[in-house]
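Only one structure is covered here, and it is reproduced in the block below.
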Amino acid sequence: MSGVGIQIDRISKRFVHRVKGEVYAVRDVSLKVQPAEFVTLLGPSGCGKTTTLRMIAGFEQPDAGRVFIGEQDVTGLMANQRNIGFVFQNYALFPHLTVFENVAYGLRVQRRSQGDIAQAVADVLALIGLQGYERQFPNQLSGGEQQRVALARALLRKPTLLLADEPTGNLDRTTAAKVADLLLELQAQE
């Protein structure tokens with residue numbers, strides 16, 4: 001991650017709810033994050049934290065407003081054009097794939113060579129402390145280990161920006177503290 005800033009300028013996102021009708025998930029939100037700054041969005045369930053992150057990442061398009069990464073307006077760009085790593089709250093691991101294959105997935109989609117993939121996966125698993133886990137399946141891992149696999153997958157492509165949606169929300173206190181420390185260590189390496 002090379003430390004780029006983020007600016008969201010008056011973004012809004014509405015959804016149509018079958019019972020409630022039109023509902024704003026996010027309304028007129030602006031935020032500026034400096035390069036290499038570590039920011040946490042806090043708020044109660046349903047207040048729009050995830051939707052805001054999804055709009056920054058490009059998984060949702062805002063109904064109004066703009067999203068900038070660095071100096072570039074990325075509002076209209078697809079998620080795969082933004083070079084953002086995203087760690088989902090539920091980890092989003094493929095249960096039928098090993099740790100190695102879960103982490104390697106993005107590079108396989110890019111049709112990278114087997115040698116490049118093997119080296120990149122080995123490097124990122126060492127970085128997050130999961131070397132030796134390559135042949136394990138997600139159901140053989142603890143919650144913290146699964147979260148680190150999801151983090152490894154997000155880091156593998158060397159994103160310019162890393163977003164994490166409640167990266168410690170499903171973890172016990174001790175494991176959550178370890179994952180938070182890992183995120184801080186990764187930021188300090190930049």
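For the reader, a short list of remarks on this structure follows.
- The three principal axes of the C-alpha atoms in the stretch 66-142 carry coordinate ranges of 42, 29, 22 Å, sorted with the longest axis first.
- Counting only residues at least eight positions apart within a chain, or on another chain, the aspartates and glutamates with an alpha carbon under 14 Å from that of Lys32 are Asp9, Glu71, Asp73.
- Whole-angstrom Cα spans of the stretch 35-190 along principal axes, big to small: 45, 39, 31
- Heavy-atom accessible area, probed at 1.4 angstrom with all protein chains present, ranks Met78, Met55 as Met78, Met55, highest first.
- Placing R0 at 41 angstrom, the Cβ-Cβ distance between Lys158 and Lys20 gives a FRET efficiency of 0.50 after rounding to 0.05.
- Between the listed residues Tyr91, Thr174, Val16, the Cα displaced farthest toward the positive end of the dipole of the chain, a dipole computed from Cβ unit charges relative to the Cα centre, is found at Val16.
- Eligible aspartates and glutamates near Lys49 by straight Cα distance, threshold 14 Å, same-chain separation 8 or greater: Asp28, Glu60, Asp165, Glu166
- Among Ser12, Ser45, Ser30, residue whose mean-square fluctuation peaks in a GNM of the chain (springs only between Cα atoms under 10 Å): Ser45
- Highest-fluctuation residue, Gln110, Gln34, Gln146 considered, GNM on the chain with Cα pairs under 10 Å: Gln110
- Computed over the Cα atoms of the stretch 1-119, the ratio of the radius of gyration to the Kirkwood radius (Rg/Rh) comes to 1.03.
- Choice from Lys32, Lys158, Lys20 with maximal GNM fluctuation in the chain (Cα, 10 Å cutoff): Lys20
- Cα Rg, Dmax, the stretch 107-185, angstrom units: 13.0, 39
- Angle between the chain longest axis and helix 143-156 axis [Cα atoms, degrees, rounded to 10]: 80
- Aspartates and glutamates with Cα under 18 Å of Lys158, excluding same-chain neighbours fewer than 8 positions away: Glu37, Glu101, Asp116, Asp123, Glu185, Glu190
The values are calculated or read from the model by the stated rules, or taken from the named source; none is laboratory data. Bear in mind the structure is a predicted one, so any value in this text is a computation, not a measurement. Virtual Cβ from ideal backbone geometry, glycine too; neighbours counted across all protein chains shown. Keep in mind that these areas ignore ligands, DNA and RNA; they rest on the heavy atoms of the full protein, side chains included. Shrake-Rupley method; radii C 1.70, N 1.55, O 1.52, S 1.80 Å.
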